[in-house]
Amino acid sequence: ENHWIREATATWLEDVALDEFNPNHPLLPFFVPVPRRSLLEPGGLYEYGAFLFFQFLTERYGDVNMVREIWEAMAAPEAIPGAPGLDSGPAIEAGLAARDSELSQAWAEFLLWRYRLRKFEEGVAYTEAVSHRDWPRVMRSTRVRAESCRLSSDDDNRNRLPALSGDYVALQPHRRGPARTNARLTVRGPAGADGFYLMKLRGTPVSEHSLTF
């Protein structure tokens, strides 16, 4: 198995067994506020806080056995005859495929849950755990003060997002603009990649929308 998934799922299991003590909540500040870091990148306490991804999988797809299935898919054939022996990424993809989903779609939705932690069953406690990190926050934000503007999260190759990572940006229209205004948002990215956007109209709740590049 890969180091990151061993620690992430072990930390996830701690809360399953000791839910009343929330032993993994203090690890969230090491994971949640750094979305530009790949899920697969080990180091420090990051992979321990990555338990949140497996919490998302079990809540989103309503099956706590999904984590066990991922581990069975990673089992080595020499240890368990006939086992697939998959790497962590393909094993997760296999678990999602069994539920008619894909990793790119699940990851995009996870980024939404990560930004809006209250979508989790224990979201209030999760939010409190990272509140001192000023979360949620966007990495880049701009106010729209002209007819058009451009906001790029990757201005050069040095800042390219790695696989299974993400970023949040915000566009804030002029508050003194006309009451009825048409707006066009163009988002460019790798073909087939998935994402989401949130929209807040005056006097209405925040609405959530998915998108595919």
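Taken together, the values in this text are just the output of simple stated rules run on the coordinates, not laboratory data. On a predicted model such as this, the values are computed, not experimentally measured, just so you know. Counting neighbours? That spans all protein chains shown, and the Cβs are built from the backbone with ideal geometry, glycine included.
A few points about this structure:
- Charges were assigned to the Cβ only: +1 to each Lys and Arg, -1 to each Asp and Glu. The resulting dipole of the chain about its Cα centre is roughly 1960 debye.
- Looking at the chain alone, DSSP beta bridges between its own residues are antiparallel in about 55 percent of cases.
- Length added when fully stretched, Ala163-Glu20, from 0.36 nm per residue minus Cα-Cα: 48.1 nm
- Other-chain or far-sequence residues with amide H under 5 Å of Leu86's (modelled H): Met74, Ala75
- Nearest-20 debye value, segment 53-118 charge dipole, Cβ charges on Lys, Arg, Asp, Glu: 420 debye
- Selected from Ile70, Ile80, Ile92 as most flexible by GNM, with the chain as the system and alpha-carbon contacts under 10 Å: Ile80
- Mean separation of Cα pairs under 8 Å and 6 or more residues apart, divided by the residue count, gives the chain a relative contact order of 19 percent.
- Within a Gaussian network of the chain (alpha carbon springs, distance under 10 Å), most fluctuating of Arg99, Arg60, Arg202: Arg202
- As a rough guide to protection, the peptides 182-194, 128-140 ranked by mean Cβ packing within 10 Å, highest first, stand as 128-140, 182-194.
- With Cα atoms defining each centre, segment 1-46 and segment 77-101 are spaced 21 Å apart in the structure.
- The Cα center of segment 194-213 and the Cα center of segment 104-121 differ in position by 13 Å.
- Across the alpha-carbon atoms of the chain, the computed radius of gyration and Dmax are 19.1, 68 angstrom.
- Placing dummy labels 7 Å off each Cα toward the beta-carbon, the span from Arg188 to Ala10 is 4.5 nm.
- Whole-number percent relative contact order across segment 1-112, with pairs defined as alpha carbons under 8 Å at least 6 apart: 23 percent
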